[in-house]
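Every read-out reported here was derived from the displayed coordinates using simple, explicitly stated rules and does not represent laboratory data. Nothing here was measured: the structure is a model prediction, and the numbers come from that model. Every residue, glycine as well, gets a Cβ built from its backbone with ideal geometry; the counts of neighbours run over all protein chains shown.
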Amino acid sequence: MLKLGFNLTRHTGVILKRMMSTQEQEVLFETVNNAGIITLNRPKVLNTLNENMACMILAKLQEWEKSKNLVIIKGTGDKAFCAGGDVKAAIDKVKGPRFFHVEYNVNYLIGKYKIPYIAFINGITMGGGVGLSVHGRYRIATEKTVFAMPETKIGAFPDVGGSYFLPRMQVNLGLYLGLTGERLKAKDVVKAGIATHFVPSKRLYELEKLLYRCNNDVEVRALLNKFNEPSEEFSLAPNIKHINYCFAASTIEEIIERLEKVNNEWSAKTLQTLGQMSPSGLKLTLRAFQRGAQLDLPQCLRMEYRMICRGLHNNDFPEGVRALLIDKDNNPQWNPKTLAEVTEDYVESFFKKLPEEQELKFFDSNL
């Protein structure tokens with residue numbers, strides 16, 4: 001197992017110095033009145049989050065929590081808020097743990113942020129982009145929002161706190177979304193509880209300008225409620241009872257049995273989707289959710305960090321990234337190949353504590 005044990009504060013400082021010398025900033029920071037605005041600025045790659053960006057965001061959020069009335073985070077362009085983390089770099093055995101260490105610290109800080117944190121999740125919001133938004137106090141969806149946690153498709157599991165917020169969704173919806181990578185769009189994102197408000201994208205500019213004038217959480221909430229449009233019927237409503245029944249099972253094998261019993265168009269599609277996923281990714285996701293339902297966010301992030309570090313030294317996560325994102329042959333060679341071959345010992349090995357110097361440390365753990 002990789003030796004990590006780096007100093008997060010020192011590492012962030014080095015990244016910031018390096019970033020200040022680059023011509024085009026990957027994250028833009030601005031202050032208007034007493035509001036801090038973060039803009040993810042990599043539109044050509046759908047504002048994908050990398051280690052440099054995570055370091056900059058972590059440092060700025062720490063600073064602004066003590067000095068601002070609120071923080072707004074958004075993405076450049078209309079296509080994406082943030083399509084995820086830079087997983088091509090993340091599968092590197094040295095860079096990967098470092099990236100996740102910083103990223104999970106950002107998720108942790110957002111989850112306990114003292115001032116209003118408002119994410120404009122306009123466009124694609126997946127993986128790491130969900131981590132930058134869902135733990136915050138306010139998440140604003142638009143008609144362009146597309147949410148998904150598609151990690152099982154690349155041989156991993158929904159991280160960035162996925163084991164915390166997904167099991168807490170109603171009617172086993174979170175496990176369904178986490179295992180299948182199913183996409184939710186527009187007002188469905190509010191119905192599922194991922195977003196707190198729905199505002200048409202053409203009104204975001206006006207909303208942002210008015211937020212600059214807000215002095216406290218009461219004013220922020222009142223303004224967001226004024227702009228919010230009521231949700232329509234949930235597109236998954238016709239199958240919610242089936243989702244609740246099938247994904248209440250305690251094993252992947254039993255989930256599949258229940259889907260076969262339902263035997264309708266939705267269950268057939270869901271079975272086909274699960275059949276494409278990494279068998280170990282499915283079992284790891286289920287186990288992480290079963291445990292995460294009883295843990296707080298910091299505990300979930302520590303658990304996920306152990307899992308992701310171990311995933312870098314096993315087959316499926318690097319292989320899934322290769323097959324879907326690097327070579328793009330869409331033909332991952334999963335190992336273990338079948339659910340039956342994913343043993344209890346194999347699953348449990350991902351959850352064991354790392355050596356102390358390699359464990360996830362939060363930036364304020366020594367305070």
Relative contact order (%) - criterion: Cα under 8 Å, at least six apart; region: region 8-358: 16 percent
Computed lengthening from Gln333 to Gln290, 0.36 nm per intervening residue step minus Cα-Cα distance: 12.8 nm
Output wanted: per-residue J couplings in Hz (rounded whole) for region 234-250, from phi through Karplus 6.51 cos²θ - 1.76 cosθ + 1.60, θ = phi - 60°, x for Gly and Pro. 5, 5, 8, 3, x, 10, 4, 5, 6, 4, 4, 6, 5, 8, 8, 5, 8
May I ask which of Lys112/Lys191; Lys88/Lys112; Lys44/Lys112 have a Cα-Cα span longer than 26 Å here? Lys88/Lys112; Lys44/Lys112
Distance in nm between Thr343 and Leu325 label points, each 7 Å along Cα→Cβ, equals 3.0 nm
Count charges around Gly127 for me, please; just the other residues with Cβ under 12 Å from its Cβ, Lys/Arg as +1, Asp/Glu as -1. -3
17 Å Cα-Cα reach of Lys93 towards aspartates and glutamates, excluding residues that sit fewer than 8 places from it in its own chain: Glu51, Glu103, Glu304, Asp316, Glu319, Glu357, Glu359
Please compute the length gained on full extension between Gln25 and Ala268, using 0.36 nm multiplied by the number of residues separating them and subtracting their Cα-Cα distance. 82.9 nm
